[in-house]
Structures are given as structure tokens and as C-alpha cells.
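Single-structure report; data block below.
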Amino acid sequence: MTTAAQLGLVSCEGCRRLYRVAPISAGTQARCTLCGCALHARKPDSLRRTWALLIAALILYVPANAYPVMTIIFSGKGAPSTILGGVIELFDAGGWPIALLILFASVAVPLAKMVGLAFLALSVERRSQWNPRKRTRMYKIIAVIGRWSMIDMFMVSILVAIVHLGAIATVEPGLGAMAFAAVVVLTIFAAESFDPRLVWDSMEHDQ
Amino acid sequence: MLDPGDLHTLLACTDCDALYERPALTPGDSARCTRCGSVLLRNRPDPIGHALAYSIAGLILFVPANFFTYFSFGLQGRVQPSTITGGARALAEAGYAPLGALIFFTSVLAPLLTLLLTLCICLPLKLGRVLPGTRRLVIFYMRLMPWGMLSVYLLGAMVAIIKMGDYGRMELGHGFYAFLVLLLLATKAQASLQPDAIWRQLEAAR
């Protein structure tokens, strides 16, 4: 199997047009003549960016789970609820299907995403030879599922807007929601920074 | 770097860089990369016409979905209605402006811009014209795609209903039903519009 890189070709990230690599003067950037995107053989600084965003997400994951995402106040009595607390509450209120959904979206997805991306980045750094097809699929899944963690944030935004009945009942957002949203955004960017072609590059060099 | 010229018959896999002769696909077909298994190319039947139709319908539904009551919460005789944008506003008022902005962007702004961009890209192409700014719009469209989260919003709304069911009465408004149709149309518009089809058309028009 021949790759574009082996033939000295670069595929444009925007429109997939192919270009032949040629030397350009220092300080300039080659651009695609069709779509105008900067041309790179691989996403620039892929691993460093992925790690930086991943570590930032991991740090914020602590307050995201420690602080309440919202506080439900009924006749003056407040019940703060964290992400995990919310899942347990749902088990009691709505039965297990919806609780499982939230457990999946708000707990499993962010964790799987961070652990998965760290695994992929490490595997590239160590030039791992383990099943590149599986690693590519893993990357695709990570890139797709990230958005589903926003379920809880949308739920909080809806409750804050509609449970707004003064002294009878209100819902106040919590710091945890802010941190959790930041984790979701950071992991989406982290997944976007990672270049799955790096997985295949390290397979080639060792053969 | 040199201009491709003869390279336009080739195509590299975005996930593993494997190089292929650009496959000739009949409408509805897709090609997979034999090396990594990712989809290499998809050929939708009439992508521009379909995306155009869905985006126009979606833009029409966007109005009731966002301005009619999404749902209301009733407790002890008092009823509090809200729209989709109400959530973002309430968060901003509570001092959570960044979170409100993110909610607004993912549930209102990004889906709206995606539909508008689809319209602005496809309408001239359908009429056989290539406007000078189209390539910028396509790049913007591709960047925006991951941020439209209407389907995730729907699940968030479901959870909100179940969560508040024990406390008071949650009622769905007209906005909610309009939203369901909007979600369907936006999803179809996005699935129809293959950026590759547009790039090839823009390339041919040069």
C-alpha cells in the first residue's frame, strides 16, 4: 500500500486536493490554491496539542465532578446535585434506562475519551505496532461520541430557565457545570488535534 | 509546492494517508479504505439539490422551533414557559455567561449558521453559478459541523422532563414539535451535503 507521504504528496485538509512537496522559503506557508487552507503533511504539532488539551481537560474534570452542576431549591430548601449524584437521583426517579443513558453520556464518555486519546497519543509516541485498524476505529469513535456529554449541560440550561418560580421553586446553575462544559469543549479540541495518520506512520518506519 | 495537474485523479485516505485512484462511484455508493477501513468517499444522489431543499425547509422550521414555547413547567398554579434560547439567557443572568454562550452556540447559532451556509453554498451552484466567496463558506461550514448539537439537546430535554416530573407538571409546547422536525431536516441536510462534491464542482469551474 502506497501512501501520499511516501510519494512526496500532501493532501489538503480542506478539499483533499493533492500537492507535490517542494521546498519553500523560510517563514512562508504553502496554501491550497482551491480552498486556501494551509498545507501540512500531518496536522501541525499534533501530539503536543493533543496532550496540552488533554491535560487541561483532566485537571478540570476534578471540579466538574466535585462541584454541583446545579442546585434545585424547593420552598427555600436547596438540594445541590453533582454529575454522579444526578445519575443516582435518576435511578430513583426515572428508572434505570434514562439513568444508564446519563451514566454513559456524562461519566463513561468523558472518561473513555480522555483515556482513549491518551492511549492513542502514547501508542504513537512509543511507536506501538498494535493493531492500527483498531486504533483508527477507536479514534473515529472518540471523535463522534464527545458531543453526547453535553446532555447534562443542556438539561441544566433548560431547568434553570423553566424552574424559575421565585420562592416556590428555582434551579441555580453550579460551578461544576462550567467546569464540565469546559471538559467537553477541551476534549473535542483534543480529538480534533490528534492525527490518526500518525498511527500508520509508526507502522511503516519499523517495517 | 507545485500545482497538482495530473494529481487530480488521486485521492488520499484522511485517516491513514493511503493513496488511491479516485474511485468512480454511482450515486448512493461509498468506497472504503482497504488499509484502515474508514470511509474514503461517499457519493450521494444529487447532494446539492437535496441539501438545498432540506436547508430551506429547515430554515423555515427554525423560526417556530426557536420562538414558540419549547415547554413549560407548572407548579402550584403557576406556569413558567420557556424557549430554547431561554436557557442560555437564564444562565447568563445567573452569572454563567460562558456556559450560556456555549449552550446558545451549540443549540441555536451553529445549527442556524449551518443551514444558512448550506443555502448560500448550494443555491448558486444549483443555478450553475460559482460565486467568488464560496470556498470560504465551505471551509467555514466544515469547521462548524461538529458544533451543531440539536440531537444532543433533544436528549437533554428528555432528561429534564423526567427529572422534573416528580416536582411539577412539564408540558411540551409547539416549539418542541417544530424542533423535532427541524432536527430531522438539519440532519438530512447535513447528510446530503458532501463537501467533496462541492469541491469537485468548484474545481471544475475554474
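Computed values, structure above
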quantity	calculated
Residue match in the range B:120-127 (condition: within 11 Å of chain A (Cβ to nearest Cβ), buried (at least 16 other Cβ atoms within 10 Å of the Cβ) and out of contact with any Leu (no Cβ under 8 Å at 6 or more places or on another chain))	no
Spans of helices (runs of 4 or more DSSP H) in the range A:55-146 with at least 1 residues surrounded by fewer than 20 Cβ atoms within 10 Å (Cβ to Cβ) and facing chain B (nearest Cβ under 10 Å)	A:83-93, A:96-102, A:132-145
Within the range B:26-54, considering residues that are part of a loop (DSSP other than H, G, I, E, B) and among the β-branched types (Val, Ile, Thr), the one nearest to the other protein chains (Cβ to nearest Cβ)	B:Thr34
Matching residues in the range B:158-202 - criterion: being open to solvent by 40 Å² or more (accessible area, probe 1.4 Å), modelled with pLDDT under 90 and charged (D, E, K, R)	B:Asp166, B:Arg169, B:Glu171, B:Arg200
Scope the range B:29-43; condition touching a strand residue (DSSP E or B) at 6+ places or on another chain (Cβ under 9 Å) and open to solvent by less than 60 Å² (accessible area, probe 1.4 Å); matching residues	B:Ala31, B:Cys33, B:Arg35, B:Cys36, B:Ser38, B:Val39, B:Leu40, B:Leu41, B:Asn43
Enumeration of residues in the range A:85-131 that are in contact with a Lys or Arg (Cβ under 8 Å, 6 or more places away or on another chain) and modelled with pLDDT of 90 or more	A:Leu120, A:Ser123
Test: A:Leu34 is of a type in the set (A, V, I, L, M, F, W, C), at negative phi and more than 8 Å from every other protein chain (Cβ to nearest Cβ)	no
Whichever residue in the range A:37-49 is open to solvent by 40 Å² or more (accessible area, probe 1.4 Å) and over 15 Å from A:Val10 (Cβ atoms) and, among such residues, is nearest to the other protein chains (Cβ to nearest Cβ)	A:Arg49
The range B:6-25, subset open to solvent by less than 60 Å² (accessible area, probe 1.4 Å) and more than 10 Å from every other protein chain (Cβ to nearest Cβ), residue farthest from B:Phe179 (Cα to Cα)	B:Pro23
Flag for B:Gly58 being outside any loop (DSSP other than H, G, I, E, B) and at pLDDT below 90	no
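Residues checked against (1) farther than 19 Å from A:Leu34 by Cα; (2) not in a loop (DSSP other than H, G, I, E, B):
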position: B:Leu123; (1), (2): yes, yes
position: B:Gly128; (1), (2): no, no
position: B:Phe140; (1), (2): no, yes
position: B:Arg143; (1), (2): no, yes
position: B:Val152; (1), (2): yes, yes
position: B:Met158; (1), (2): yes, yes
position: B:Ile161; (1), (2): yes, yes
position: B:Glu171; (1), (2): yes, yes
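The values are calculated or read from the model by the stated rules, or taken from the named source; none is laboratory data. In this text, all values refer to a predicted model and were calculated from it rather than measured experimentally. Positions of Cβ are generated from backbone atoms using ideal geometry, with glycine treated the same way; all protein chains shown enter the neighbour counts. For accessibility, only protein heavy atoms count, side chains too; no ligands or nucleic acids. Shrake-Rupley method; radii C 1.70, N 1.55, O 1.52, S 1.80 Å.
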